[in-house]
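Note sheet for the following structure.
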Amino acid sequence: MRKQDQCPRAQINRKYCNCTYDCEKHGLCCECLHYHRQRNELPACYFTPEEEKTYNRSIDFFLQRRAKTSSSK
């Protein structure tokens with residue numbers, strides 16, 4: 001049995017997941033968060049669609065982008 005079939009929210013989560021990377025964690029938010037947290041990263045859902053396409057999940061990248069966004073306001 002696939003992990004997605006065991007998670008009652010996987011179908012719902014997939015609708016909101018903006019990750020374009022094909023992996024077995026798609027729709028399994030708790031596993032995705034754990035995976036990225038171990039690597040000092042953030043999952044795709046923290047990034048805009050444009051940022052997500054870079055596949056740069058680093059916290060530094062996230063903070064840089066937010067600093068640019070807030071300074072332009």
- Task: Select from region 7-29 the residues that are within 11 Å of the chain's Cα centre (by Cα) and part of a helix (DSSP H, G or I) and write down the one among them that is modelled with the lowest pLDDT.
- Result: TYR16
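Regarding region 35-50, can at least one residue be identified that is without any contact (Cβ under 8 Å) to a residue 40 or more places away in the chain, of a type in the set (Ser, Thr, Tyr) and surrounded by fewer than 12 Cβ atoms within 10 Å (Cβ to Cβ)?
At the first step, the residues of region 35-50 found to be without any contact (Cβ under 8 Å) to a residue 40 or more places away in the chain are 35-50.
Restricting the remaining residues to those that are of a type in the set (Ser, Thr, Tyr) gives 35, 46, 48.
Still in the list and also surrounded by fewer than 12 Cβ atoms within 10 Å (Cβ to Cβ): 48.
Within region 35-50, one or more residues are without any contact (Cβ under 8 Å) to a residue 40 or more places away in the chain, of a type in the set (Ser, Thr, Tyr) and surrounded by fewer than 12 Cβ atoms within 10 Å (Cβ to Cβ).
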- Note on the structure: When (1) crowded, with 18+ Cβ neighbours inside 10 Å; (2) more than 23 Å from ARG66 (Cα to Cα) are applied to CYS19, the one that fails is (2)
- Query: Among the residues of region 30-73, which ones are closer than 20 Å to ARG9 by Cα, touching a Pro at 6+ places or on another chain (Cβ under 9 Å) and not in a helix (DSSP H, G or I)?
  - Reply: none
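The values are calculated or read from the model by the stated rules, or taken from the named source; none is laboratory data. This structure is a prediction, so every number in the text was calculated from the model and none was measured. Counting neighbours? That spans all protein chains shown, and the Cβs are built from the backbone with ideal geometry, glycine included.
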